[in-house]
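See below for the structure under consideration.
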Amino acid sequence: MIFGLALNLHDDVPPPVRNVTQWCIFAGTVLVALLLGGPLVRTAARELSRGRLTIEALFLLTLSGALIASLQAHITGRGKIYFEVVSVLLVVYTLGKVIGARSKAAALASSRAWGDRLCTCRLVDEAGRTRPAPVADVRPGDLVEVYPGELIAVDGIIRAGVGFVSEAVVSGEPFAVVRRPGDRVLAGSSSTDATFRIVATAPGTRREIDHLLATVEAARDKPLSLQSRADRLGR
């Protein structure tokens with residue numbers, strides 16, 4: 001990019017030096033296109049075959065225009081040459097994809113790790129004894145016990161216990177709230193300072209948090225909001 005800018009700003013560069021420099025820039029551009037252009041071309045072609053003009057197609061159009069115009073200017077000796085634009089745009093596109101993929105992977109890993117903490121609970125039998133059990137075994141009407149500092153693993157109604165419950169993860173409420181018998185609690189909340197006994201109101205695999213985690217899983221295949229907005233503008 002620096003060499004290309006220098007050539008475009010100075011008309012007194014000797015022709016042999018200008019010609020060699022431009023061919024070197026072109027060679028570097030071709031190398032970058034071979035290394036980074038494959039995913040862009042495949043994605044643009046796939047979406048165009050579906051009748052959709054997406055951000056990839058706009059990138060490809062810009063790259064093609066810059067490359068063709070620069071080749072024409074280089075061969076005819078008239079006009080400015082912008083081979084470096086192709087390389088810069090490919091790097092920008094690739095970095096955007098990498099950053100987006102890493103962000104999605106981090107969010108997905110975090111949600112999965114958090115979901116794993118909600119896979120077990122402490123069931124209370126008819127005699128009042130407790131035993132650990134997979135949350136998938138919980139059925140509506142089962143009684144679950146939660147100790148201070150533990151996550152609540154079921155959606156249900158409090159039968160016994162009064163204390164503070166942190167619901168920031170499921171409701172966004174930043175401060176712990178008091179919950180007492182008769183109040184509803186959701187899986188993903190946590191007991192701050194009390195032991196609760198909770199009657200499950202939903203099967204262990206059909207909690208509100210399960211829908212939330214499923215949405216997070218599905219989001220990894222959806223484009224980022226900025227890309228979706230660009231795609232809509234493109235159409």
Can you spot a residue in segment 133-140 that is at pLDDT 90 or above and closer than 16 Å to residue 195 by Cα?
-> no
Inside segment 36-60, can you point out the residues that are within 19 Å of residue 91 (Cβ to Cβ), among the charged types (D, E, K, R) and either touching a Cys at 6+ places or on another chain (Cβ under 6 Å) or surrounded by 13 or more Cβ atoms within 10 Å (Cβ to Cβ) (or both)?
-> 56
Single residue of 171, 191, 228 found to be crowded, with 18+ Cβ neighbours inside 10 Å, over 18 Å from residue 110 (Cβ atoms), modelled with pLDDT under 95 and within 32 Å of the chain's Cα centre (by Cα) = 191
Answer yes or no as to whether residue 197 is over 29 Å from residue 97 (Cβ atoms), in contact with a Leu (Cβ under 7 Å, 6 or more places away or on another chain) and at pLDDT 70 or above.
-> yes
Subset of segment 39-81, residues small (Gly, Ala, Ser) and either closer than 25 Å to residue 22 by Cβ or in contact (Cβ under 8 Å) with a residue 12 or more places away in the chain (or both), comes to 44, 57, 64, 65, 66, 69, 70, 73, 77, 79
Going through segment 178-188 in order, the residues found to be under 35 Å from the mean Cα position of the chain (by Cα) and either in a loop (DSSP other than H, G, I, E, B) or surrounded by 14 or more Cβ atoms within 10 Å (Cβ to Cβ) (or both) are 179, 183, 185, 186, 187, 188
Is there a residue being of a type in the set (D, E, K, R), at pLDDT below 90, within 30 Å of residue 103 (Cα to Cα) and in contact with a Gly (Cβ under 9 Å, 6 or more places away or on another chain) anywhere in segment 210-223?
-> yes
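Residues checked against (1) touching a Gly at 6+ places or on another chain (Cβ under 8 Å); (2) surrounded by 17 or more Cβ atoms within 10 Å (Cβ to Cβ):
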| site | (1), (2) |
| --- | --- |
| 62 | no, no |
| 69 | yes, no |
| 84 | yes, yes |
| 95 | no, no |
| 99 | no, no |
| 102 | no, no |
| 105 | no, no |
Can you find even one residue in segment 113-120 that is loosely packed, with under 14 Cβ neighbours inside 10 Å and in contact (Cβ under 8 Å) with a residue 40 or more places away in the chain?
-> no
Quick one: which residue in 95, 90, 123 is touching a helix residue (DSSP H, G or I) at 6+ places or on another chain (Cβ under 8 Å), outside any strand (DSSP E or B) and modelled with pLDDT of 85 or more?
-> 90
Does any residue of segment 130-146 turn out to be outside any helix (DSSP H, G or I), loosely packed, with under 12 Cβ neighbours inside 10 Å and not basic (Lys, Arg)?
-> yes
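The values are calculated or read from the model by the stated rules, or taken from the named source; none is laboratory data. Note that the structure is a prediction, hence the values are computed from the model and not measured. Cβ coordinates were reconstructed from backbone atoms using ideal geometry, including for glycine residues, and neighbour counts include every protein chain displayed.
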